[in-house]
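Working notes, structure below.
The values are calculated or read from the model by the stated rules, or taken from the named source; none is laboratory data. Everything numeric here is computed off the predicted structure, so don't read it as measured data. All Cβ positions, even for glycine, are placed from backbone atoms using ideal geometry, and neighbour counts span all protein chains on display. Surface accessibility is based on the protein's heavy atoms, side chains included, excluding ligands, DNA and RNA. Shrake-Rupley method; radii C 1.70, N 1.55, O 1.52, S 1.80 Å.
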Amino acid sequence: MKKTKALIPSVQQIAYDGAKSNNPLAFKHYNPDEVIDGKTMAEHLRFSIAYWHSFRGNGSDPFGSGTINRPWESGKDAVTVALKRMDAAFEFFTKIRAPFYAFHDRDIAPEGKTLAESNKNLDKIVAHAKELQKATGVKLLWGTANLFSNPRFMNGASTNPDAHVFAYAAAQVKKAMEVTKELGGENYVFWGGREGYETLLNTNLGREQDHLAAFMQMAVDYAKEIGFKGQFLIEPKPKEPTKHQYDFDCATCIGFLRTYGLHKHFKFNIETNHATLAGHPFQHEIEVAAAADMLGSIDANTGDTMLGWDTDQFNTDTRELTLAMVSILKAGGLGTGGFNFDAKLRRPSVDIEDLFYAHIGGMDAYALAFKIARKILAEGKFEQIVADRYSSFDKGFGADIENGKVGFKELEKLVLTKLGEPKLQSGKQEYLENLMAQYINNGV
């Protein structure tokens, strides 16, 4: 492949300098080459760059136009610009040392006047992406389709009351699945950006959920047809842009998937900011997914708790990330998933260096949390306290309860004749909070 001129000449590949470094363009905790338990840290954390925020985000918000202008955003036509933009993206991926990236179809290729033209544009960009992946070793973590930006999707895609829109969405996802497979994508994500309702006055909720399930089943069937072996992921989100979305949180999605017999085909791509909008801590959503054996991947960001929408900021909260990492490691990790930085620069952060600072901070925070979580699990203090707290169910009538060997009558007799009044036992919450703070403050 022909070597192109650097589009980001002001920044070299980011090195690992260690925790005492003052270099803002160096990793302090993320050493991608460090081997832990037979795998490099890069292999453990599987960091991914979100194409839409990092290379399509321009700093615009509902109250103002874009503030970020990149030198590669010019050319004779949209496809030429898209090709140049992708060169810049892969240069960034390699310099930030991220092994993966993720995209929506309309992030990487411009939409045409017809579906056929859109597909033709996408094919050109995918061919270029394939060459760049081969040249750099960067892989595709997951692909997806943008079924929310175009006005045709104003009332949703698979839940749209117009069957024509449903058919268009199906055709777009078909193509997105094909290109994800062609690029070796390890997962495919479904995010229902407008799969919900604004008012029940014009909504047949049951029928829309039936249609959503039918759409998911079509995807499962087509994956088998084309031999796509990647993991299907659903990304729960409670609101924004619709008032109520059908993929509200992990528990809601589990109920939906089990109702329609789809639960064996899907896992979850959990986003921190979406968990917050649903009224849950990040760790809660991870635990719910893990308990159902449906933990798949992470969209690594955070929200501003003072605001009621999806602010998609880079997360540097060591405590929150350590709690999450403990739950992820206990669940056995993310499998084919990873930590995808679905996060964007703040509106005034207009320099290309800001994009590096942001990702360095996020990658270091997750790496530090990973190290602390491994130490917590190795020492086993929290797990022992939890085990002790539930130990009454390990033997005797407690074990009989879990094994379904007793009912109300037997338990009533035990309380009346033998057990009497239960003795209060401390949950040790304050002690555990202090212990967690000690781990985080002491670091590794």
Can you give me the C-alpha center-to-center distance between segment 342-386 and segment 1-72, rounded to a whole angstrom?
14 Å
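Quote the relative contact order of the chain in percent (integer), defining contacts as alpha-carbon pairs under 8 Å separated by 6+ residues. Before the final figure, lay out each step's value.
On the way: 692 pairs, mean separation 63.8, N = 444.
Value for the chain: 14 percent.
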Degrees separating the helix 250-259 axis from the principal Cα axis of the chain, which is the longest one:
90 degrees
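Could you tell me the calculated FRET efficiency between SER392 and ASP210, based on Cβ-Cβ distance and R0 = 30 angstrom, to the nearest 0.05? Show your work: numbers first, answer last.
Working: r = 44 Å, r/R0 = 1.47.
Efficiency computed from Cβ-Cβ geometry: 0.10.
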Rounded to the nearest 0.05, FRET efficiency between GLU421 and LYS39 (Cβ-Cβ, R0 45 Å) equals 0.30
Less than 17 Å apart at the alpha-carbon level, and either on another chain or at least 8 residues along: which aspartates and glutamates does that give for LYS84?
GLU73, ASP105, ASP107, GLU111, ASP123, GLU131
Helix 163-182 vs. the chain, principal-axis angle (Cα, 0 to 90°, nearest 10)
90 degrees
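How would HIS104, HIS164 rank on accessible area, largest to smallest, probe 1.4 Å? Write down the numbers at each step before the final one.
Working: HIS104 20, HIS164 130 Å².
These residues rank, largest area first, as HIS164, HIS104.
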Give the long-range amide H neighbours of SER297: residues separated by 5 or more places, or on another chain, with amide H under 5 Å away, using H modelled in the peptide plane at 1.01 Å from N.
PHE268, ASN269, ILE270
Under 19 Å by backbone N from the virtual spin label 7 Å along Cα-to-Cβ at ILE352, the residues of segment 30-62 are 49-59
Restricting everything to alpha-carbon atoms, can you work out Rg to Rh for segment 190-294 with a Kirkwood hydrodynamic radius?
0.97
Stretched out fully, how many nm does the piece from ASP317 to ASP77 gain, at 0.36 nm a residue minus the Cα gap?
82.2 nm
If ligands, DNA and RNA are left out, what is the accessible area of HIS29 with a 1.4 Å probe, given in Å² to the nearest 10?
50 Å²
For segment 11-26, Karplus-derived ³J(HN,Hα) couplings (6.51, -1.76, 1.60; θ = phi - 60°; whole Hz; x for glycine and proline) come out as 10, 8, 4, 6, 9, 8, 10, x, 5, 8, 5, 9, 7, x, 10, 9
Given the options LYS243, LYS409, LYS84, which has the most mean-square fluctuation in a GNM of the chain, springs set between C-alpha atoms less than 10 angstrom apart?
LYS409
Let me see the P(r) profile for segment 301-444: every Cα-Cα distance counted, bins of 10 Å, each bin given as a percent of all pairs.
9, 26, 24, 19, 13, 6, 2, 0
Rounded to one decimal in nm, the spacing of the 7 Å Cα→Cβ label points at MET306 and LYS243 is 2.9 nm
For LEU212 the rounded accessible area (nearest 10 Å², probe 1.4 Å, non-protein molecules ignored) is 20 Å²
Mind jotting down the distance between the C-alpha centroids of segment 398-444 and segment 117-139, whole Å?
55 Å
Percent of Cα pairs exceeding the 20 Å cut-off, where the set is segment 20-90:
56 percent
Karplus ³J(HN,Hα) for segment 149-155 (6.51 cos²θ - 1.76 cosθ + 1.60, θ = phi - 60°; Hz, whole; x = Gly/Pro) runs 7, 5, x, 4, 9, 4, 10
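Can you check what the Kirkwood hydrodynamic radius comes to for segment 104-160, Cα pairs only, in Å to one decimal? Each step should come with its number before you reach the end.
Details: mean 1/r = 0.0785 Å⁻¹.
12.7 Å is the Kirkwood radius here.
With charges only on Cβ, +1 for K and R and -1 for D and E, what is the dipole size of the chain about its Cα centre, in debye, rounded to 20?
Values: 52 positive and 56 negative charges, 177 e Å.
Around 840 debye, computed over the chain.
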Residue by residue, what Karplus-based ³J(HN,Hα) values in Hz, rounded to whole numbers, does segment 433-444 have, using 6.51, -1.76 and 1.60 with θ = phi - 60° and x for Gly and Pro?
4, 5, 5, 5, 4, 5, 4, 5, 5, 7, x, 10
Summarise the accessible area of segment 1-159 (1.4 Å probe, protein heavy atoms) by the percent that is carbon and sulfur.
52 percent
As straight-line cross-link partners of LYS381, the qualifying lysines (C-alpha separation under 20 Å, not fewer than 8 residues apart within one chain) are LYS330, LYS371, LYS428
First measure r as the distance between the Cβ atoms of GLU117 and SER10, then evaluate 1/(1 + (r/R0)^6) with R0 = 51 Å and state the FRET efficiency to the nearest 0.05.
0.90
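Determine the relative contact order of segment 1-142: mean sequence separation of Cα pairs under 8 Å and six or more apart, normalised by residue count, in whole percent. All intermediate terms of the calculation are to be shown ahead of the outcome.
Working: 171 pairs, mean separation 34.5, N = 142.
Answer for segment 1-142 is 24 percent.
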For segment 161-249, state what percent of all Cα-Cα pairs lands in each successive 5 Å bin, counting from 0 Å until the bin that includes the largest distance.
3, 13, 22, 24, 19, 11, 6, 2, 0
Could you check how many percent of all C-alpha pairs in the chain are farther apart than 40 Å?
24 percent
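Show me 18-27, 357-366, 295-304 ranked by packing, highest mean number of other Cβ atoms within 10 Å first.
Details: 18-27: 12.7, 357-366: 21.8, 295-304: 24.1.
Going from most to least packed, we get 295-304, 357-366, 18-27.
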Report, largest value first, the span of the C-alpha coordinates of segment 305-382 along each principal axis, in whole Å.
44, 28, 23
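Is it possible to state the helix-based mean residue ellipticity at 222 nm for the chain, with each DSSP H run of 4+ residues giving -39500 (n - 2.57), the sum divided by total residues, to the nearest 500 deg cm²/dmol? What is it?
On the way: 16 runs with 202 residues, N = 444.
Mean residue ellipticity, 222 nm, calculated: -14500 deg cm²/dmol.
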Binning at 10 Å from 0, report for segment 230-382 what percent of all alpha-carbon pair distances ends up in each bin.
11, 39, 34, 14, 2
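Could you check what % of the DSSP bridge pairs in the chain are antiparallel, to the nearest 5? Walk me through the numbers on the way to the answer.
On the way: 6 of 34 bridges.
Expressed as a percentage, antiparallel bridges in the chain total about 20.
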So who's got an amide H within less than 5 Å of the one on PHE27, skipping anything under 5 residues away but keeping other chains? H placed 1.01 Å off N, in plane.
ALA15, TYR16, ASP17
For 188-194, 254-260, ranked highest to lowest by mean beta-carbon neighbours within 10 Å, the order is 188-194, 254-260
